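Working notes, beginning with the structure itself.
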Amino acid sequence: MTTKSPLLSLPGAVPAEGPDEGVAAHYGDLFREQRTLADGRGFVDLSHHGVVTVTGADRLPWLHLLLTQHVEQLPPGQATEALVLSPNGHIEHALYLVDDGETTWVHVEPGTQGELLAYLESMKFFYRVETADATGRFALVHLPAGSIVPVPDGWAVRETPYGRDVFVPRESLEDFAAQAGPPAGVLAYEALRIETHRPRLGLETDHRTIPHELGWLETAVHLHKGCYRGQETVARVQNLGRPPRRLVFLHLDGSEVRLPGHGTPLRVAEEGGEGRVVGTVTSSARHWELGPIALAVVKRNTPEGATLVADGTAATQETVVAP
């Protein structure tokens, strides 16, 4: 069940749809909201995201065995990312973590915390750990890079190059928002995510996705740590081959009114409208500075310099993951 954020009562709030249902898509001026975030001001309500906590003396060594990232000695306050893979190396969960010295705080995509917790619980065995779904008690709020908004002592914070993810007690959400500056909706947040080529579980991924295809090897996978589920696929593709698909960034033709949506097929322009499908659009947005942009996953052998077409809209490529 989707919980509606109390911040939807703020002036101008327009509810988001799809995976971001429950928070605001925008507050009346999409480009202004993007510029505000780019200037290091304001906040984004991400209170629809799942929040999971892990406590206990063995929490970091235990997570180290299950995740793609090296977290066994994760220093307090250091943000990191990690994945849970299937036995065949396909991405099942993306985790965004920070440890405060007593608790590991994790936020995940909306609605995915239940399946993640079920997996974690099944792997506890004799380890001294406790896991909990903290979504009902804590709301995620994003402060952009450069923000000087103070965060109360004792609150968990993930500080990244893109800003701070703050785990806000839900009873304090409205008060914190009131002093955090002008609100920006998830459409503005998504435009900046796409601009910086950051993949998102459920949009850039499908049931076949492996980390190599999206550039997650650089941020969420440690290639020299011990065993974890799916490691054999990660090592084999890294050492012996290339992934079958790769992430690209697209500059879309700005003369078109419609943005190609998630799943729109991509073809090579010179092959015509009936040419072979070489990939799909995964995320798209209107950027305040770059115009219409998108992320897409294409077949590895798609020519890097080729103009692509998505539902009649021409797109030029920038390489994110090398073929």
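The values are calculated or read from the model by the stated rules, or taken from the named source; none is laboratory data. Note that the structure is a prediction, hence the values are computed from the model and not measured. Quick reminder, even Gly has a Cβ in these numbers, built from the backbone with ideal geometry, and neighbours come from all protein chains shown. SASA here: full protein model, heavy atoms, side chains in, ligands and nucleic acids out. Shrake-Rupley method; radii C 1.70, N 1.55, O 1.52, S 1.80 Å.
Go through the range 138-158 residue by residue and tally those that are open to solvent by 30 Å² or more (accessible area, probe 1.4 Å) and under 21 Å from the mean Cα position of the chain (by Cα).
Count: 4.
Out of curiosity, is T135 hydroxyl-bearing (S, T, Y), closer than 26 Å to P6 by Cβ, buried (at least 21 other Cβ atoms within 10 Å of the Cβ) and touching a residue at least 12 places away in the same chain (Cβ under 8 Å)?
Here the answer is yes, as T135 does meet what is asked.
Starting from the range 31-44, take each residue that is at pLDDT below 95 and list its partners that are open to solvent by 10 Å² or more (accessible area, probe 1.4 Å) and not in a helix (DSSP H, G or I), counting only C-beta distances under 8 angstrom and pairs at least six apart or across chains.
That search, which allows pairs on different chains as well, returns nothing.
Only one of (1) at pLDDT 95 or above; (2) surrounded by 15 or more Cβ atoms within 10 Å (Cβ to Cβ) fails for A269. Which number is that?
Of the numbered conditions (1) at pLDDT 95 or above; (2) surrounded by 15 or more Cβ atoms within 10 Å (Cβ to Cβ), the odd one out for A269 is (1).
Could you grab me the full set of residues in the range 117-132 that are open to solvent by 80 Å² or more (accessible area, probe 1.4 Å), within 25 Å of the chain's Cα centre (by Cα) and hydrophobic (A, V, I, L, M, F, W, C)?
Matches in the range 117-132: none.
Consider H207 against the criteria (1) more than 14 Å from L83 (Cβ to Cβ); (2) modelled with pLDDT of 95 or more; (3) open to solvent by less than 30 Å² (accessible area, probe 1.4 Å): it satisfies all of them except one. Which criterion is unmet?
The failed condition is (3).
Inside the range 286-308, can you point out the residues that are open to solvent by 10 Å² or more (accessible area, probe 1.4 Å) and either under 15 Å from G254 (Cβ atoms) or of a type in the set (D, E) (or both)?
Within the range 286-308, R286, W288, E289, L290, G291, P292, E304, T307 meet the criteria.
Do you know which residues across the range 1-26 are open to solvent by 50 Å² or more (accessible area, probe 1.4 Å), within 19 Å of L192 (Cα to Cα) and either of a type in the set (F, W, Y) or assigned to a helix (DSSP H, G or I) (or both)?
Those that are open to solvent by 50 Å² or more (accessible area, probe 1.4 Å), within 19 Å of L192 (Cα to Cα) and either of a type in the set (F, W, Y) or assigned to a helix (DSSP H, G or I) (or both): G18, P19.
For (1) in contact (Cβ under 8 Å) with a residue 24 or more places away in the chain; (2) of a type in the set (D, E, K, R), each residue gets a yes or a no:
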position	(1), (2)
D153	no, yes
D165	yes, yes
E171	no, yes
E174	yes, yes
A178	no, no
G181	yes, no
A184	yes, no
L187	yes, no
E190	yes, yes
